[in-house]
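To start, the structure under review is shown below, and the notes come after it.
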Number of protein chains: 2
Amino acid sequence: MINPYQQDLDKNPANYQPLTPITYLERAAKTFPDHVAIIHGSQRIPYRTFWQRSLKLGSALAKKGIGKGDTVTVMLSNTPPMLEAHFGVPMVKAVLHCLNTRLDAAVIAFQIDHAETKVLIVDREFSGVVKEALALANAKPLVIDYDDPDYAADAPYPKGERIGSLDYEAFVASGDEDFAWSMPDDEWDAISLNYTSGTTGNPKGVVYHHRGAALMAYTNTIHAGMGKHCVYLWTLPMFHCNGWCFPWTLAVQAGTHVCLRWVRAKPMYDAIADHGVTHLCGAPIVMSLLINAAEEDRRTFDQLVTFNTAAAPPPEAVLSGMADAGFAVTHLYGLTETYGPAVVNEWHTEWDGLDKGARTAKKARQGVRYAALEGLTVMDPETMTQTPADGETIGEVMARGNIIMKGYLKNRKASDEAFAGGWFHTGDLGVMHPDGYIQIKDRSKDIIISGGENISSIEVEDVLYKHPAVQACGVVARADEKWGEVPVAYVELKPGKTATEAEILDHCRSALARFKVPKAVIFAEIPKTSTGKIQKFRLREMARQG
Amino acid sequence: MINPYQQDLDKNPANYQPLTPITYLERAAKTFPDHVAIIHGSQRIPYRTFWQRSLKLGSALAKKGIGKGDTVTVMLSNTPPMLEAHFGVPMVKAVLHCLNTRLDAAVIAFQIDHAETKVLIVDREFSGVVKEALALANAKPLVIDYDDPDYAADAPYPKGERIGSLDYEAFVASGDEDFAWSMPDDEWDAISLNYTSGTTGNPKGVVYHHRGAALMAYTNTIHAGMGKHCVYLWTLPMFHCNGWCFPWTLAVQAGTHVCLRWVRAKPMYDAIADHGVTHLCGAPIVMSLLINAAEEDRRTFDQLVTFNTAAAPPPEAVLSGMADAGFAVTHLYGLTETYGPAVVNEWHTEWDGLDKGARTAKKARQGVRYAALEGLTVMDPETMTQTPADGETIGEVMARGNIIMKGYLKNRKASDEAFAGGWFHTGDLGVMHPDGYIQIKDRSKDIIISGGENISSIEVEDVLYKHPAVQACGVVARADEKWGEVPVAYVELKPGKTATEAEILDHCRSALARFKVPKAVIFAEIPKTSTGKIQKFRLREMARQG
């Protein structure tokens, strides 16, 4: 029998268009051309200009031959070019790759080679390390310098030299304002590339598609409670999962981006008070900065400000401090592979009536799936069966849906492992509570989250093992009031060899970005299983006991 | 050269799931099981129960053999079973067809035959007309009576007899609570069917898909400014474009549906005051009811209530009246083919400073595209080129995107015409203003909108022509304070024949639903072109001049 609903009701350009966040910006620019889209230092960039500059960036890239599947890499702070890149690059079907600005030259070189970078846009703050990286890399991209006219006078870091063959402003100026930009051929096409530190060896390139970015924009708007013309302060680095997709999200409500190069208390309070910031995101360390700010750096403000945090559950003292300071804290959870947050601690009004401890315990849970994530559960990864929702049985957190990455670039094996059994394996260990909320209990992949940055303990261990005196070692997280967690190294020396803590740390600094270097080296016998496998949980126990 | 972004990055169940609104309800029920989802009379239905009852409805349908591509038709008021049907029916991959409860037996019979209805759920308010329709129809669906336990004591219409072989409550009770519901095989699969009155002969069946319904839920939430746990009053019939997709939309924010069988001022004010309604939708006549309510029917309330209106631009007096009564009015525009509203009069804050007349003129414009509509423009339909954005040049309003229907059921010709040139032809004539906002100037398809209902002037003319004395006729809209527009008939009698207005109206009543019957019959010579074509615009002119 013929199903009449599958006859003569096909897709055509009138009823089917690929989902993409580009159309959100087009709509905002057409509808609210004079509304301020971006505030950066003395600059006030209206939506009309934001759109025109993105178009011109796209046009300039096209003139250089950049097109479908080409990678455009940027090493930028939270500044206007970073926002322009989020639209201008996909407008020519190219893929945006944002470098973590804290990376060292070797990792940068690896990434631009792996991504086959064709164009590299570099803020002068980072030209030193990028120059080093280019010397190491095989890729020979077109390098463009961004010379920020609003580089703060009290900059903690000076501008570096120009290393590019072009200047960003001149490059944008070379583009056409009436450029005929391209919709993606398919919403499944790649829009961006974000490397995750991973656990073994080289970073993995997480690929996002237009479909996921477009859906994240809706679901972020909804879960963050972002109303029309909301004002968003850029405390979260845009190189992290494309700033949790907020560069695209804000276009939906024609919100205002407030740029911020360095996360410091005074500029944050100034932005909140002067620009009417309604939303910001960040790791717990950003909350600490706000509540521990010096009296002279603080400002008062009338609006309720929503602070979305992830990476670690907000502790009780921080929650109280934030409430006192006028912030509402929402606890989110996600990974690079999930476009940033994909889980939200959906708050029940009646929980407001709980005592402080019980309230904090509720807030500490990661929560339930975003509307755009179709599945979230905790499973035994061996059997792929759901663990009991008893709040106790530990399993691996699994997710599925349209805000899960396409996969890892040029790494089929890792993609297949991540998607085994039709679910994305987060690598995080957790429980499901009887009410369906999940809570992370441990990370199976040995990731240390310090100041919101992921550090692979295995990467640090690999470096330690290269020291001639190291026999065995293990790197684990130690709780830290300021950074959330810091890496500490347990080291067992080879018989007859000696090394001091300072020597070991020097060795680490030579091979690792600063934030990955252990905060302490403890010489000890490393606990091992009978088969010689290092017992990480025992090291964590030792770290806990100090 | 191989594009690495198209290698080994394919869809799998972990990273691709069909979009469907069903998962929104599942999420709301899991996250907020005790939150009230539906208020109806004395009933308070929490999300847990809403989900369970929808599951049981789906299960009961499956037990009757209902599955992919089958049509489940309902003739229901804005009551809980209507909401359950919006989820329970698509859970078994079937298609929900909502009958306009004001239709006459002949049109109902046509629709259930055309839709090949397998199951028909009927509220006892409408059993009389449905019984007649079943006698006329070839389709022999399973008929299920819904006997509303909260049928108001002061009902303006009495309950009719039972006509089904099953009772709705018993039917739901026969389903399993742990029913394994189905995701759609493809997000392009049909979710619902809505007949539009069309202009020639039989109604056309507009088919919606899961993808569009899911996207409408996001974009409605965003444009209506619906926050978490918003409270929605059902003044808009759910049989209109699936209630503009709000049955699905509310699940995104775990909002509360407040049901309403008859749109009358007192129950509306009571609901707003007693249940904290934050949003409602309706044609201008609903606003008139609110602002012209008798003193004793009014209630005061503290919250700002958003009223979304469509069908006709809100007049100045209505806007002022609504503002005084505590409502914020948003002007929307759309058609059955666009899932309900797809265009929104996005308000600029600075327009608040305009004087009343200028403000009303801004508010009268239909506006700009919904975020989920990818294209909206005004074109010359012959050349398919855009008309100048001068606010004067009239063209046909055209739209494209993911909230445009799949097409017309079993009517390829009509679908092809509607989608000619890759744009959906709305049939409405309008202009584009220099700021990109569109404004409807006339309807090319001779539709009269009366009390929010579409009336095809051609359908009424067809009936008039069947009267033995009618030589020529034309039905056009006359402005009406209460209904927005009402149909009036211009009739030219055959030479030597006579007929009174009362006779003509009696003839119309015998063949048309009450709301389609002209409000007046004017005997006159019908203006025609040299080739004999009736000049509708001259009749409209005559109607305007009274």
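The values are calculated or read from the model by the stated rules, or taken from the named source; none is laboratory data. Worth saying up front: this structure is predicted, and the values here are computed from it rather than measured. Cβ: placed from backbone, ideal geometry, glycine included. Neighbour counts: every protein chain shown. Keep in mind that these areas ignore ligands, DNA and RNA; they rest on the heavy atoms of the full protein, side chains included. Shrake-Rupley method; radii C 1.70, N 1.55, O 1.52, S 1.80 Å.
For the range B:249-271, what are the residues that are part of a loop (DSSP other than H, G, I, E, B) and either under 21 Å from B:L289 (Cα atoms) or open to solvent by 30 Å² or more (accessible area, probe 1.4 Å) (or both)?
B:C259, B:R261, B:W262, B:V263, B:R264, listed by residue number.
Check whether at least one residue in the range B:449-459 is within 12 Å of chain A (Cβ to nearest Cβ) and of a type outside the set (S, T, Y), and report yes or no.
Checked the range B:449-459: no residue is within 12 Å of chain A (Cβ to nearest Cβ) and of a type outside the set (S, T, Y).
Kindly evaluate A:V318 against the criterion of being β-branched (V, I, T) and farther than 30 Å from A:G212 by Cα.
In short, yes.
Looking at (1) open to solvent by less than 40 Å² (accessible area, probe 1.4 Å); (2) among the charged types (D, E, K, R); (3) under 22 Å from B:V129 (Cβ atoms), which is the only condition B:D506 fails?
(1)
Identify the single condition in (1) in the same structural domain as B:V92 (by TED's automatic domain parsing); (2) open to solvent by less than 40 Å² (accessible area, probe 1.4 Å) that B:K64 does not satisfy, given that it satisfies every other one.
It fails just one condition, (2).
Suppose we filter B:E350, B:E417, B:E392, B:E374 for residues that are in contact (Cβ under 8 Å) with a residue 12 or more places away in the chain, open to solvent by 20 Å² or more (accessible area, probe 1.4 Å) and within 13 Å of chain A (Cβ to nearest Cβ); which single one remains?
None of the others qualify; the one that does is B:E374.
Given the options B:L99, B:L76, B:L103, B:L120, name the one that is crowded, with 22+ Cβ neighbours inside 10 Å, of a type in the set (A, V, I, L, M), touching an Asp or Glu at 6+ places or on another chain (Cβ under 6 Å) and more than 21 Å from B:A217 (Cα to Cα).
B:L76
Please determine, by comparing only the residues of the range B:219-242 that are of a type in the set (S, T, N, Q) and more than 14 Å from chain A (Cβ to nearest Cβ), which one is surrounded by the fewest Cβ atoms within 10 Å (Cβ to Cβ).
Here the answer is B:T235.
Taking B:A153 as meeting all but one of (1) surrounded by fewer than 19 Cβ atoms within 10 Å (Cβ to Cβ); (2) within 26 Å of the chain's Cα centre (by Cα), write down the number of the exception.
(2)
Of the residues that make up the range A:401-409, is at least one in a helix (DSSP H, G or I), farther than 20 Å from A:G436 by Cβ and more than 8 Å from chain B (Cβ to nearest Cβ)?
Checking the range A:401-409: not a single residue is in a helix (DSSP H, G or I), farther than 20 Å from A:G436 by Cβ and more than 8 Å from chain B (Cβ to nearest Cβ).
Select from the range B:66-119 the residues that are charged (D, E, K, R) and modelled with pLDDT under 95 and list them in ascending order.
B:R102, B:D104 - these are the residues of the range B:66-119 that are charged (D, E, K, R) and modelled with pLDDT under 95.
When A:L332 is evaluated against the numbered criteria (1) at pLDDT below 95; (2) touching a Pro at 6+ places or on another chain (Cβ under 6 Å), which criterion, by number, is the only one it fails?
Going through (1) at pLDDT below 95; (2) touching a Pro at 6+ places or on another chain (Cβ under 6 Å) one by one, A:L332 breaks only (1).
Within the range A:204-257, can you find the residues that are touching a strand residue (DSSP E or B) at 6+ places or on another chain (Cβ under 6 Å), more than 24 Å from A:D270 (Cα to Cα) and among the aliphatic types (A, V, I, L, M)?
A:V206, A:V207, A:A213, listed by residue number.
How about the range B:203-218: which of its residues are touching a helix residue (DSSP H, G or I) at 6+ places or on another chain (Cβ under 6 Å) and either more than 10 Å from every other protein chain (Cβ to nearest Cβ) or modelled with pLDDT under 95 (or both)?
Once the filter is applied, which keeps residues that are touching a helix residue (DSSP H, G or I) at 6+ places or on another chain (Cβ under 6 Å) and either more than 10 Å from every other protein chain (Cβ to nearest Cβ) or modelled with pLDDT under 95 (or both), the range B:203-218 yields B:K204, B:V206, B:A213.
Against the conditions (1) touching a Pro at 6+ places or on another chain (Cβ under 7 Å); (2) of a type outside the set (D, E); (3) open to solvent by 10 Å² or more (accessible area, probe 1.4 Å); (4) touching a residue at least 60 places away in the same chain (Cβ under 8 Å), where does A:P46 fall short? Just the number, please.
Going through (1) touching a Pro at 6+ places or on another chain (Cβ under 7 Å); (2) of a type outside the set (D, E); (3) open to solvent by 10 Å² or more (accessible area, probe 1.4 Å); (4) touching a residue at least 60 places away in the same chain (Cβ under 8 Å) one by one, A:P46 breaks only (4).
Consider only pairs whose beta carbons are under 7 Å apart and that are at least six residues apart or on different chains; among these, list those whose first residue lies in the range A:331-342 and is in contact (Cβ under 8 Å) with a residue 40 or more places away in the chain and whose second residue is of a type in the set (F, W, Y) and open to solvent by 10 Å² or more (accessible area, probe 1.4 Å).
Cβ pairs passing all conditions: A:G340/A:W244; A:P341/A:W244; A:P341/A:Y333.
Quick check, is B:V368 open to solvent by less than 40 Å² (accessible area, probe 1.4 Å), of a type outside the set (S, T, Y), at the interface with chain A (Cβ under 8 Å from one of its Cβ atoms) and part of a strand (DSSP E or B)?
Yes.
Return only the number of the condition from (1) at pLDDT 90 or above; (2) open to solvent by less than 10 Å² (accessible area, probe 1.4 Å) that B:I526 does not satisfy.
B:I526 satisfies every listed condition except (1).
For B:L304, work out the one condition from (1) crowded, with 22+ Cβ neighbours inside 10 Å; (2) within 14 Å of chain A (Cβ to nearest Cβ) it doesn't fulfil.
Just one mismatch for B:L304, condition (1).
Within the range B:3-12, identify whether any single residue is open to solvent by less than 10 Å² (accessible area, probe 1.4 Å) and more than 18 Å from B:G88 (Cα to Cα), and answer yes or no.
yes
Of (1) facing another protein chain (nearest Cβ under 7 Å); (2) open to solvent by less than 20 Å² (accessible area, probe 1.4 Å), B:Y16 satisfies all except one. Which?
Answer for B:Y16: the failing condition is (2).
Check A:I121 against each of (1) touching a helix residue (DSSP H, G or I) at 6+ places or on another chain (Cβ under 7 Å); (2) without any contact (Cβ under 8 Å) to a residue 40 or more places away in the chain and name the one condition it does not meet.
Result: A:I121 fails condition (2) only.
For B:D435, are the conditions met, namely being within 14 Å of chain A (Cβ to nearest Cβ), of a type in the set (D, E, K, R), over 26 Å from the mean Cα position of the chain (by Cα) and outside any helix (DSSP H, G or I)?
yes
Checking B:T383 against (1) modelled with pLDDT of 95 or more; (2) surrounded by fewer than 17 Cβ atoms within 10 Å (Cβ to Cβ); (3) under 30 Å from B:A418 (Cα atoms); (4) out of contact with any strand residue (DSSP E or B) (no Cβ under 8 Å at 6 or more places or on another chain), only one condition comes out false. Which one?
Only one criterion is unmet by B:T383, namely (1).
Within the range A:420-442, restricting attention to residues that are of a type in the set (G, A, S) and modelled with pLDDT under 95, which residue is surrounded by the most Cβ atoms within 10 Å (Cβ to Cβ)?
Among them, the one singled out is A:G430.
Just wondering, is there one or more residues in the range B:67-81 that are at the interface with chain A (Cβ under 10 Å from one of its Cβ atoms) and among the hydroxyl-bearing types (S, T, Y)?
Yes, there is a match, as at least one residue in the range B:67-81 is at the interface with chain A (Cβ under 10 Å from one of its Cβ atoms) and among the hydroxyl-bearing types (S, T, Y).
Taking the range A:473-490 only, how many residues are open to solvent by 10 Å² or more (accessible area, probe 1.4 Å) and aliphatic (A, V, I, L, M)?
Residues that pass the stated criteria total 2.
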